[in-house]
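Here the structure is laid out as structure tokens; the discussion comes afterwards.
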Amino acid sequence: MLKSEKKWALIIFLVILLAYILPYTVFTDVTKWYGSFFVWVILTSIVIVLNIIMTKGWGK
Amino acid sequence: MTVQLVWLGLGIYVVISLIVAYLSRSGKQTNMTSYFLGDRKLGGFVSALSYSATTYSAFMLVGLAGLTYAGGVGALGFELIYLMGVSLVAFFGPRFWIVGKKYGYVTPSEMLGDRYQSKTVAFIVSLASCLFLIPYSAVQLTGVGLLFSGMTNGEISFVTGVIIATALAIIFSYVAGIRSVAWTDSLQALFMIVSSTAIVMLLIYQMGGFSGFFQSLENEHPQSLQVPGNGVFSFPAFLGMTIPWFFFALSNPQVSQRLYMPASMTTLRKMLIGFLVFGFIYTLVAVIWGYSAVILYPGLESSDLATPTLLASGVIPPVLSMIVMIGIMAAAISTIDSILLTLSSLFARDIYGNLNKNATDEAQLKVGKFVIPVIAILAFLFALLQLDLISVLSIASSAGLLVIVPSIIGTFFWKRGSAQGVIWSVVGGGLVVIILEVLKYTTKFLFMGLASGIWGIITSTVLFVVISLMTKAPEKKAEEFLSYVRTELKHHIGDQS
């Protein structure tokens, strides 16, 4: 794996880890729209943005 | 919904798709690369839409909506973790694409066979793919059959629905191979996303906008906004569902084969990003759809009824219900035709091609085309057995295919991986999944409370590593393969490190 890839892999991995941890801990008792629903939506948006930035240089 | 309305919608859908399929024929499709990979020249827009249509099946608006109905927000987490897992394409996509071009691979199993220098590897991986994907296709066909009979109160029979879906899948994949699949997929993807989003918006509007929608959930169904909620999404269950799907982009050949097709790295990027955005929207739509059923029709006997109940209710005008129904059917068919095509290429290239050493590319193509309807009919017969539990079975297929993942990772990241390691890993892991799935189906038994996919991936990883260390790896090939990937990768992804 190239050096730059390792950096991205680590960041994405951490975000995904949060997607497993947060809803089952901090937000497990939050029965509002800003609970797990919002957390998962935000974390996915972050991952999509990370993918966009990471692949910016492809083919150039 | 009246039968006439369903036939009308279906007729329009069939005519338009057939025209698109026919128009997609271009160039001479006289070799495997052309027929199954579109000469590795697929554009970004079509690649993204087709990838989306192939990935998202009837499962979304039926199974995922049902899961939301049954267990609440965990269904969203499950599907979005899968989507985040598609980031794997950002790492493996360029690698597949680079070696595909260099060595001329048509199928992912062919790549494994060459990298590990063993025809048995290609043979076994293909066989495993067929073993798990034919039932998966059958489940999709069953879904279409149930949808038709359910929506028309049996006036269009289950079997008629299944026959229509099978026939369309065969036609879409046969007419021009991947070209007709990709173009009809794109049309269907657009239809799926536009129609379902519009109708979900209408539902939200009727429930008082997003604030009214969430208020109903918060006040009347608070458990549906948390995990584990009512217990459907206990953490072990969540883990068991998400792990197989997390690796879907690598484990399922009908999508990993797509990584060979884009015309350039820029196109590959468009495919990835386009898919992520599509998937994000479609997931939200399917989950909101399920939630709408929670709000409007709580207390249904089974969560499988969530979608049919919503469609049959007066809340949605009949014409719109019919459009959603056709959208669900399109989602199923666009998945089945891609699987059909991929499995045919696997059979022709890695099973027939390896059994017949003198098989030319032309002969392989002939066999591939012959096999398309054969596999479709197998799936059709499977579907007639009427195995329901749509979400459960499609997850089981994913668990089975998961056992190929360690070998795929090893292909690009581990020089010591050996052919024996792959063979034991796929066979051993596959058997563990099958045995556990049978036990679960017959006796509800869950080994240590964890799903079959988890045990499958643990077994296959351990076997791959241990057996590889005990046997001889194809060092020369690994060295050449990996150093080529490294050099090209730096060039293609704009990294100089």
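The values are calculated or read from the model by the stated rules, or taken from the named source; none is laboratory data. This is a predicted model, so every value here is computed, not measured. Using ideal geometry, Cβ is built from the backbone for each residue, glycine included, and neighbour counts are taken over all protein chains shown. To get the accessible areas, we keep the full protein, side chains included, count just its heavy atoms, and leave off ligands, DNA and RNA. Shrake-Rupley method; radii C 1.70, N 1.55, O 1.52, S 1.80 Å.
Scanning the stretch B:37-54 for residues that are touching a Phe, Trp or Tyr at 6+ places or on another chain (Cβ under 9 Å) and under 26 Å from B:Y103 (Cβ atoms) yields B:L37, B:R40, B:V46, B:S47, B:A48, B:S50, B:Y51.
All conditions but one from (1) at positive phi; (2) open to solvent by less than 10 Å² (accessible area, probe 1.4 Å) apply to B:G299; the one that does not is (2).
Just one residue in the set A:I11, A:I21 is of a type in the set (A, V, I, L, M) and either open to solvent by less than 70 Å² (accessible area, probe 1.4 Å) or within 7 Å of chain B (Cβ to nearest Cβ) (or both); that residue is A:I11. The single condition among (1) surrounded by fewer than 20 Cβ atoms within 10 Å (Cβ to Cβ); (2) of a type in the set (S, T, Y); (3) within 18 Å of B:A169 (Cα to Cα) that B:T360 does not meet is (3).
Among the residues that make up the stretch B:470-489, is at least one of them touching a Lys or Arg at 6+ places or on another chain (Cβ under 9 Å), not basic (K, R) and not in a helix (DSSP H, G or I)? There is at least one residue in the stretch B:470-489 that is touching a Lys or Arg at 6+ places or on another chain (Cβ under 9 Å), not basic (K, R) and not in a helix (DSSP H, G or I). Residue count for the stretch B:448-488 under the criterion of being over 14 Å from B:V403 (Cβ atoms) and not small (G, A, S): the result is 20.
So that you can scan it fast, the table gives a plain yes or no per residue for (1) in a loop (DSSP other than H, G, I, E, B); (2) touching a His at 6+ places or on another chain (Cβ under 8 Å); (3) among the basic types (K, R); (4) over 13 Å from B:G74 (Cβ atoms):
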residue: A:K6; (1), (2), (3), (4): no, no, yes, yes
residue: A:I11; (1), (2), (3), (4): no, no, no, yes
residue: A:L14; (1), (2), (3), (4): no, no, no, yes
residue: A:L17; (1), (2), (3), (4): no, no, no, yes
residue: A:P23; (1), (2), (3), (4): no, no, no, no
residue: A:V26; (1), (2), (3), (4): yes, no, no, yes
residue: A:T31; (1), (2), (3), (4): yes, no, no, yes
residue: A:Y34; (1), (2), (3), (4): yes, no, no, yes
residue: A:F38; (1), (2), (3), (4): no, no, no, yes
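Restricting attention to the stretch B:261-283, the residues that are farther than 26 Å from B:Y103 by Cα and free of Cβ contacts under 8 Å to residues at least 60 places away in the same chain add up to 1. Taken over the stretch B:258-294, the criterion of being more than 11 Å from every other protein chain (Cβ to nearest Cβ) and of a type in the set (K, R) is satisfied by B:R258 alone. For B:G229, the stated conditions hold: it is at pLDDT below 95 and not in a helix (DSSP H, G or I). Across the stretch B:120-135, the number of residues qualifying as open to solvent by less than 20 Å² (accessible area, probe 1.4 Å) and of a type in the set (V, I, T) comes to 2. Looking at A:T28, A:T44, just one residue is facing another protein chain (nearest Cβ under 7 Å) and open to solvent by 20 Å² or more (accessible area, probe 1.4 Å), and that residue is A:T28.
Kindly provide the set of residues from the stretch B:421-447 that are polar (S, T, N, Q) and under 15 Å from B:V403 (Cβ atoms), ordered by number. The answer is B:S425, and nothing else. Taken over the stretch B:250-271, the criterion of being buried (at least 24 other Cβ atoms within 10 Å of the Cβ), hydrophobic (A, V, I, L, M, F, W, C) and in contact with a Ser or Thr (Cβ under 7 Å, 6 or more places away or on another chain) is satisfied by B:L250, B:M261, B:M271. Taking the conditions (1) over 23 Å from B:Q215 (Cβ atoms); (2) aromatic (F, W, Y); (3) more than 14 Å from the chain's Cα centre (by Cα) in turn, A:F27 satisfies each one other than (1). If you scan the stretch B:5-58, which residues turn out to be open to solvent by 40 Å² or more (accessible area, probe 1.4 Å) and either modelled with pLDDT under 90 or touching an Asp or Glu at 6+ places or on another chain (Cβ under 8 Å) (or both)? The answer is B:R25, B:S26, B:G27, B:K28, B:T30, B:N31. Taking the criterion of being open to solvent by 10 Å² or more (accessible area, probe 1.4 Å) and in contact with a Phe, Trp or Tyr (Cβ under 8 Å, 6 or more places away or on another chain), the residues of the stretch B:305-325 that qualify are B:T309, B:S313.
The residues of the stretch B:143-160 that are modelled with pLDDT of 85 or more, in a helix (DSSP H, G or I) and not hydrophobic (A, V, I, L, M, F, W, C), listed by number, are B:G145, B:S149, B:T160. Any idea how many residues of the stretch B:231-246 are farther than 16 Å from B:L80 by Cα and within 12 Å of another protein chain (Cβ to nearest Cβ)? Residues flagged as farther than 16 Å from B:L80 by Cα and within 12 Å of another protein chain (Cβ to nearest Cβ) within the stretch B:231-246 amount to 2.
Of the residues making up the stretch A:30-44, one or more are under 15 Å from the mean Cα position of the chain (by Cα) and either among the acidic types (D, E) or under 16 Å from B:V89 (Cβ atoms) (or both). Would you call B:I328 outside any helix (DSSP H, G or I) and either open to solvent by less than 40 Å² (accessible area, probe 1.4 Å) or under 21 Å from B:L168 (Cα atoms) (or both)? Against the criterion (outside any helix (DSSP H, G or I) and either open to solvent by less than 40 Å² (accessible area, probe 1.4 Å) or under 21 Å from B:L168 (Cα atoms) (or both)), B:I328 does not qualify. Residues that are under 28 Å from B:S50 (Cα atoms), open to solvent by less than 40 Å² (accessible area, probe 1.4 Å), among the polar types (S, T, N, Q) and in contact with a Gly (Cβ under 9 Å, 6 or more places away or on another chain) occur in the stretch B:189-210; there is at least one.
If the condition is being part of a helix (DSSP H, G or I), within 19 Å of B:L88 (Cβ to Cβ) and open to solvent by 20 Å² or more (accessible area, probe 1.4 Å), then the stretch B:413-457 contributes B:F413, B:I457.
Filtering A:K6, A:K60, A:K56 for residues that are within 7 Å of another protein chain (Cβ to nearest Cβ), at pLDDT below 95 and open to solvent by 80 Å² or more (accessible area, probe 1.4 Å) leaves a single hit, A:K60. Taking the stretch B:68-99 as the range and being facing chain A (nearest Cβ under 8 Å) and open to solvent by 10 Å² or more (accessible area, probe 1.4 Å) as the test, only B:F91 passes.
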